[in-house]
Structure formats: C-alpha cells, structure tokens
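Reviewing the structure listed below.
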C-alpha cells in the first residue's frame, strides 16, 4: 500500500514525464511515453519531480495577486505544465536536436524550465546564472510575475500555445 505522499510523487513523475512541455520558447507536444526520462547526454533526469504543490484555489489567488485577467486559463496552464508543483524542473540543455525530437516527438529547442508555469530560464532569464534562476523561479510569486509579464497579464497565451487548454 502506498502512502498519500508516495502516490502523489508517483503521479507527478508520470504526469511530469507525459505532460510537461517547454514552457516559453514554443511549448511542445507531450513527450513520447516510451522515451526514458534520463537525459542521454548528462545522465540526469529530464524532469525533476516537485515536492511542493499548490491547489487550484491557491493558484487562483496567486494569479489574481499578479493581475491576471484570465485566471481560469492561468490555473489550467499551471496544472497542465507542472501539476501545480512549484519546484518541477525540466532540463534538456545538453540534448542534441535529434534527441530532443525523439523525446518531444517534434522539433524543439533545449530548455531549462521551472515551476508552476514552466518558465524557461534559457529564453526568459538569459542574463542570470541558470542555477540561480532555477532557484528564483521556484518561488511561486517570481514564477507568477514572469508568467504575468509573458502573457500580458493573462491576455496573450501564445507562449503556451501548445498547452493552452
């Protein structure tokens, strides 16, 4: 029998491996189910499961606090991108184009995305040290702030076009 935490983590790993897309540099299709979650270049997991989950109600409050007009879409995208986990990380930085295409099932650029709305730090915080940016965007308010900027406060979801519900 699994504990509640183990089941949640198992669900997140499955959801993370199947659902998480590229966030901001052209969100991508779901990864192919039969592809390993291990980056073939680094040997590290592509999706690092999160441990701190926000509820839909907490995501709604966060979106409202950051001036999002279309709160429902913002929450739906956060749930689809991260399962509501503030600290999920997707790292495909070292993968070659053919490896990325094999993983995503479509052409894709490398990414290093984090948090609720899977902010791609390579595209959206290029001047920050990637490790510092990852820690910064694990903060729900920092992640929501960048999502608000990139979506024009919830009026333009083109950055999440492939995952917009």
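Throughout, read-outs are computed from the coordinates displayed, never taken from laboratory work. A quick note: this is a predicted structure, and the numbers were derived from the prediction, not measured. Here the Cβ is made from the backbone with ideal geometry for all residues, glycine too, and neighbour counts use every protein chain on show.
Each label point was placed 7 Å from the Cα along the Cα-to-Cβ direction; for residue 72 and residue 96 their separation is 4.6 nm. Estimated at 0.36 nm per residue, the fully extended path between residue 64 and residue 42 surpasses their Cα-Cα distance by 4.1 nm. For the stretch 56-115, the convex hull drawn through the C-alpha positions has a volume of 95 cubic angstrom per residue. In this simple spin-label approximation, residue 109 and residue 127 carry label points 7 Å from Cα along the Cα→Cβ vector, and these lie 1.8 nm apart.
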